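**Q** Sharing a structure with you now.
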Amino acid sequence: MKTNLKLAVALIPSLLSSHMAFAEDKQDGIRFRPPAVPLVTCDPYFSIWSNSDLLTASPTHHWTGHPHRLTSLVRIDGQTFRVMGDAPANVPALRQVSLNVTPTRSIYTFEGPGAQIQLTFMTPLLPDDLVVCSRPVSYITWTAHSTDAKPHEISVYLDAAAELAVNTPDQAVKLEPVTVPGLLAARVGSIDQAVLAIRGDDLRIDWGHFYLATDASSQLSLAPSARTTFASGAPLAASDSAAPSAQATAAHTPAMAVIMSLGQVNAEPVSRHAILAYDDEYSIRYFNDDLRPYWRKDGATAADLLQTAEKQYESLNQRCEAFDTELIADLHKIGGDSYVQLGVLAWRQALAAQKICADANGQPLSFSKENFSNGCIATVDVLYPAAPQMMVFSPNLLKASLVPLMDYSASPRWTANAAPHDLGTYPHATGQVYGDGTQSPMPVEETGNMLILLAGLAKAEGNAEFSRKYWPVLKTWNEYLVAKGLDPENQLCTDDFAGHIARNANLSAKAIMGIAGYGMLAEMLGQKDEAAKARATAKEYALKWIALGQYDDHFKLVFGDAGNGTWSQKYNLVWDQLLDLGIFPPEVAEKEMAFYMKKMNKFGLPLDSRREYTKIDWELWTATMADKHADFQRIVDACALWANQTPDRVPLSDWYETVSAKKSGFQARSVVGGLFIPFLKDKDLWKKYSSRDKTTLAGWAATNFMTPEVRVVIPTAQTEAAIWRYTTAQPPADWTRTDFNDKAWKQGKAGFGSEGTPGAHVGTAWNSEHIYLRREFTLPEAALTNARLMVHHDEDVEVFINGVLAYHAAGFTADYNTAPIAKSALATLKPGINTLAVRCRQTIGGQYVDVGIVELMPQEKK
């Protein structure tokens, strides 16, 4: 099977022929073979991909790699074929003949006996309209036509597994039909509905509901036998869609299924479509508020969402087709076929790694998830590389991403003189993981990032009014960079996987760009003296940077003798050109680019002289610095070759090996939005797209950033070293039950872990892989009205109350945090004696666990 990048034949035939030649004739054999194909890409939880060349070769997956199965069959003149998914295995797969990926769509074409079937996945991520962009809706469209001049009876089948609505497949679910005027619809959700209870990285959503909807002429089934029934050609039973059901998820069942008839199909194409949607109801815990998704800002319900999605299907389809055609043409103009391939894969991935919510005023707030790196939310050094996509196509989306970070930085809770690293662990934006009011773990990195982003936003809008409100914070940040930025101390930068490093030349370049960006903002706000001072400092530091970093025919990785013979990509210098700052002499970038061309490997330019791995976002930033188009194209071609030949079949990684093409780490991150940075170099393109942003913004609501007051019910080691029973050996299956005999277990004081773990109060040393804890506690007669767990865990934790799972989370926290108690566990709390049971698993680095119970007290907003 060939998978070629096909463009809209009727609109841009010349580009189509160019891509066809590219796919077949390139010496290195580059063809369009995505590492993974985006199918349903709405947000970090509602994200489904195909990891195979053939859509029928494997199940569909969530971006984390866990099965999120969508299965589709077609029946042509009574013969059944698979077109999505690897089951049923006894049903043959229809022959896939092409794959076309565009920014908003993935289109598979199949050929069968006398007919061609096209399967189109469309997610209208159109960021010039944040209401549309925020909708958790994707469409699947089946289009068929006869290829032999004869009529053919065709029907299609789709089912969606209940695992789409749970984190782990052992969680109980409820399936039920729902009433939506004009549509046939069903939904599935977890029984427990622990809203916003879990946080961490390798997690799927387990609250809210997944919806499947089609027009009313279709058939709906909730029966496990629906797929087998359709495959056999038998009609569905009338009772299949009648009764709601509750059962545990398992492979392929339970599922919701729809059957649609295309009737007798001739040469004229016939289409039917289905709507896939996910209503999480509440999306993000933003300090003391649980935020609704942005599409709900005016009170819309799930039924409204589905009806609107159906009503706007045709118009959105047309908008997506037009947008895809235009963007692909612009990508091709900038970087040819290679850049088209990278751009179409990056578009949906970058936007779907973010969640757009509404504040109390109905204004947008956007939160990125640090996918498969540590699960942080609103990470500054993730927003920084992701920002070019927003800077070009939706300055208002960039504002929505900046507001939570800027408001937090301006609040009494944050007292450091450098910018924060993050706002917590997704989906809890409740304060920096590494502690509030303390220094960021990457102070120069994050402070430079924020000043550059604000300058870029001002450039996009032609004014700096967004920054005016935060000017005292910006002034403090600039002073920090002036004091600490030229020759940075031993600290992390955004390439933190490479470890701490002192005197980092690229980090110094970022600080200088940050100071210059601050000067640009001051100039735009009429602060002439402040602007002149910042510009003079940036130019003075640039000359010092050249002297400190010069080595032979390039500039060093680190200043000083330790840097002799080293090198690194100086991607941060790109802002000197993009923002027209004029701080560094042009010869600096020219000299670096000439040196980089000597260091190119088959699959890209290494990040620096220490290893052969690289970051694809930084490669595109470095390429954009090139004065010679051939140098730009060489880097872009190498990146495209990697994307087509990497053996790792996952959504685009941004960290990979330039010799073996293997993934070093990370996947599905929003940072690939940085691949659109060349658009910033073309001022006409930048203006064309940014001027289309039609989202209307007003004043954002004030946020209460202060930690809520709590009444301690069951203390943690913060206040009392309570005695627990514990074991590090695997206990019997009933170890969480209230009647379990734990007398043989050891006794120890809370908390349990290793010294040096951030935020830990170690009472008992724990250094094995697992630990199991139990303790009894007594509750008074008075009812708990707002009970929460108080938890510190490093890493994965499960908490049981009276034998019922109350909370579970992957990853780690760096301090004690409140966490909601699952309703089923909360219902077991009773006056008198109760039981807490805890399991924690250690993976890497520090380790610690401690659990208590508190009650949140009413608090007025400040």
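The values are calculated or read from the model by the stated rules, or taken from the named source; none is laboratory data. Given the structure is predicted, the values throughout are model-derived calculations rather than measurements. Here Cβ is always computed from backbone atoms with ideal geometry, including for glycine, and neighbour counts include all displayed protein chains. All accessible areas refer to the heavy atoms of the entire protein, side chains included, with ligands and DNA or RNA removed. Shrake-Rupley method; radii C 1.70, N 1.55, O 1.52, S 1.80 Å.
**Q** Among the listed residues 511, 458, which satisfies the condition of being in a helix (DSSP H, G or I) and within 25 Å of residue 569 (Cα to Cα)?
**A** Only one candidate qualifies: 511.
**Q** May I ask you to say which residue of 80, 104, 109, 143 is closer than 30 Å to residue 691 by Cα, polar (S, T, N, Q) and either modelled with pLDDT of 95 or more or in contact with a helix residue (DSSP H, G or I) (Cβ under 9 Å, 6 or more places away or on another chain) (or both)?
**A** Testing whether each residue is closer than 30 Å to residue 691 by Cα, polar (S, T, N, Q) and either modelled with pLDDT of 95 or more or in contact with a helix residue (DSSP H, G or I) (Cβ under 9 Å, 6 or more places away or on another chain) (or both) leaves just 104.
**Q** Among (1) touching a strand residue (DSSP E or B) at 6+ places or on another chain (Cβ under 9 Å); (2) buried (at least 17 other Cβ atoms within 10 Å of the Cβ); (3) within 23 Å of residue 190 (Cβ to Cβ), where does residue 804 come up short?
**A** Unmet condition: (1).
**Q** Still on this structure: Search the stretch 659-676 for residues being of a type in the set (A, V, I, L, M) and buried (at least 23 other Cβ atoms within 10 Å of the Cβ), and hand back the single one that is nearest to residue 49 (Cα to Cα).
**A** Only one residue fits best here, namely 668.
**Q** May I ask you to say which residue of 692, 649 is of a type in the set (Lys, Arg), assigned to a loop (DSSP other than H, G, I, E, B) and over 24 Å from the mean Cα position of the chain (by Cα)?
**A** When all the criteria are applied, what remains is 692.
**Q** Tally up the residues in the stretch 147-167 that are open to solvent by 10 Å² or more (accessible area, probe 1.4 Å) and either in contact with a Cys (Cβ under 7 Å, 6 or more places away or on another chain) or not acidic (Asp, Glu) (or both), please.
**A** Within the stretch 147-167, residues that are open to solvent by 10 Å² or more (accessible area, probe 1.4 Å) and either in contact with a Cys (Cβ under 7 Å, 6 or more places away or on another chain) or not acidic (Asp, Glu) (or both) number 7.
**Q** Here's a follow-up. Among the residues that make up the stretch 628-644, is at least one of them open to solvent by 10 Å² or more (accessible area, probe 1.4 Å), of a type outside the set (Lys, Arg), in a loop (DSSP other than H, G, I, E, B) and on the phi < 0 side of the Ramachandran plot?
**A** No: the stretch 628-644 contains no residue that is open to solvent by 10 Å² or more (accessible area, probe 1.4 Å), of a type outside the set (Lys, Arg), in a loop (DSSP other than H, G, I, E, B) and on the phi < 0 side of the Ramachandran plot.
**Q** I've got another one for you. Is there any pair with a first residue in the stretch 798-814 that is within 15 Å of residue 196 (Cβ to Cβ) and a second that is open to solvent by 20 Å² or more (accessible area, probe 1.4 Å) and part of a strand (DSSP E or B) whose Cβ atoms are under 7 Å apart and which are 6 or more apart or on different chains, and what are they?
**A** Final answer for the pair search is 806/800; 808/798.
**Q** May I pose another question? So, residue 87, is that one of a type outside the set (S, T, N, Q), open to solvent by less than 40 Å² (accessible area, probe 1.4 Å) and over 23 Å from residue 58 (Cβ atoms) or not?
**A** no
**Q** Moving on. Show the residue pairs that are 6+ apart or on different chains and have beta-carbon atoms under 7 Å apart, the first residue being within the stretch 545-557 and part of a strand (DSSP E or B), the second being open to solvent by 10 Å² or more (accessible area, probe 1.4 Å).
**A** 551/564; 554/567; 554/591; 554/595
**Q** Going by what's in this entry, would residue 855 be described as touching a Leu at 6+ places or on another chain (Cβ under 6 Å) and either assigned to a strand (DSSP E or B) or touching a residue at least 24 places away in the same chain (Cβ under 8 Å) (or both)?
**A** Yes, satisfied.
**Q** Which is part of a loop (DSSP other than H, G, I, E, B), at pLDDT 95 or above, at negative phi and of a type in the set (A, V, I, L, M), of 277, 329, 267?
**A** Criteria check complete, one pass: 267.
**Q** Right, next: Exactly one condition in (1) in a helix (DSSP H, G or I); (2) open to solvent by 10 Å² or more (accessible area, probe 1.4 Å); (3) over 20 Å from residue 674 (Cβ atoms) is not met by residue 588; state its number.
**A** Evaluating residue 588 over (1) in a helix (DSSP H, G or I); (2) open to solvent by 10 Å² or more (accessible area, probe 1.4 Å); (3) over 20 Å from residue 674 (Cβ atoms) leaves (2) as the failure.
**Q** Restricting to the stretch 297-317, count the residues that are more than 18 Å from residue 122 (Cα to Cα) and open to solvent by 40 Å² or more (accessible area, probe 1.4 Å).
**A** 5
**Q** Which numbered condition in (1) in a helix (DSSP H, G or I); (2) within 17 Å of the chain's Cα centre (by Cα) is the only one that residue 355 fails?
**A** The number of the failed condition is (1).
**Q** Suppose the filter is open to solvent by 30 Å² or more (accessible area, probe 1.4 Å), at pLDDT 95 or above and assigned to a helix (DSSP H, G or I); does residue 324 pass it?
**A** no
**Q** Could you tell me which of the residues 776, 781 is open to solvent by 40 Å² or more (accessible area, probe 1.4 Å), out of contact with any strand residue (DSSP E or B) (no Cβ under 8 Å at 6 or more places or on another chain), of a type in the set (Asp, Glu) and over 18 Å from residue 729 (Cα atoms)?
**A** 781
**Q** Can you tell me which residue among 603, 584, 632 is within 14 Å of residue 572 (Cα to Cα), in contact with a helix residue (DSSP H, G or I) (Cβ under 6 Å, 6 or more places away or on another chain) and aromatic (Phe, Trp, Tyr)?
**A** Result: 584 is the single residue among 603, 584, 632 that is within 14 Å of residue 572 (Cα to Cα), in contact with a helix residue (DSSP H, G or I) (Cβ under 6 Å, 6 or more places away or on another chain) and aromatic (Phe, Trp, Tyr).
**Q** Then there's this: Select from the stretch 114-129 the residues that are within 17 Å of the chain's Cα centre (by Cα) and at pLDDT 95 or above and list them in ascending order.
**A** Across the stretch 114-129, the qualifying residues are 123, 124, 125, 126.
**Q** Can I ask one more? In the set 643, 717, which member is out of contact with any Leu (no Cβ under 6 Å at 6 or more places or on another chain) and within 30 Å of residue 791 (Cβ to Cβ)?
**A** 717
**Q** In the stretch 826-843, what residues are more than 36 Å from the chain's Cα centre (by Cα), in a strand (DSSP E or B) and surrounded by fewer than 19 Cβ atoms within 10 Å (Cβ to Cβ)?
**A** 832, 833, 834
**Q** Would you please list the contacts, defined by Cβ atoms under 7 Å and residues six or more apart or on different chains, that run from a residue in the stretch 64-79 that is within 17 Å of residue 92 (Cα to Cα) to a residue that is in a strand (DSSP E or B) and open to solvent by 40 Å² or more (accessible area, probe 1.4 Å)?
**A** That search, which allows pairs on different chains as well, returns 77/153.
**Q** If the requirement is being of a type outside the set (Val, Ile, Thr), in contact with a Leu (Cβ under 9 Å, 6 or more places away or on another chain) and modelled with pLDDT of 95 or more, which of these qualifies: 465, 461, 479?
**A** From the options 465, 461, 479, the qualifying one is 465.
**Q** With the condition kept exactly as written, say whether any residue in the stretch 485-494 is touching a helix residue (DSSP H, G or I) at 6+ places or on another chain (Cβ under 7 Å) and not in a loop (DSSP other than H, G, I, E, B).
**A** Yes, the stretch 485-494 has at least one match.
**Q** Determine whether residue 572 is open to solvent by 10 Å² or more (accessible area, probe 1.4 Å) and polar (S, T, N, Q).
**A** Taking the combined requirement at face value, the residue does not satisfy it.
**Q** Can you find even one residue in the stretch 614-625 that is within 17 Å of residue 339 (Cβ to Cβ), over 23 Å from the mean Cα position of the chain (by Cα), of a type outside the set (S, T, N, Q) and buried (at least 24 other Cβ atoms within 10 Å of the Cβ)?
**A** Yes, the stretch 614-625 has at least one match.
**Q** Of the residues that sit in the stretch 844-860 and are open to solvent by 10 Å² or more (accessible area, probe 1.4 Å) and of a type in the set (Gly, Ala, Ser), which one is modelled with the lowest pLDDT?
**A** Ranking the candidates gives 845 first.
**Q** Looking at the stretch 153-185 only, could you name the residues that are more than 21 Å from residue 305 (Cα to Cα), out of contact with any Lys or Arg (no Cβ under 9 Å at 6 or more places or on another chain) and in a strand (DSSP E or B)?
**A** 172, 173
**Q** Continuing with this model, one more query. I need a count of the residues in the stretch 393-419 that are in a loop (DSSP other than H, G, I, E, B), crowded, with 24+ Cβ neighbours inside 10 Å and out of contact with any Ser or Thr (no Cβ under 7 Å at 6 or more places or on another chain).
**A** Residues in the stretch 393-419 being in a loop (DSSP other than H, G, I, E, B), crowded, with 24+ Cβ neighbours inside 10 Å and out of contact with any Ser or Thr (no Cβ under 7 Å at 6 or more places or on another chain): 1 in total.
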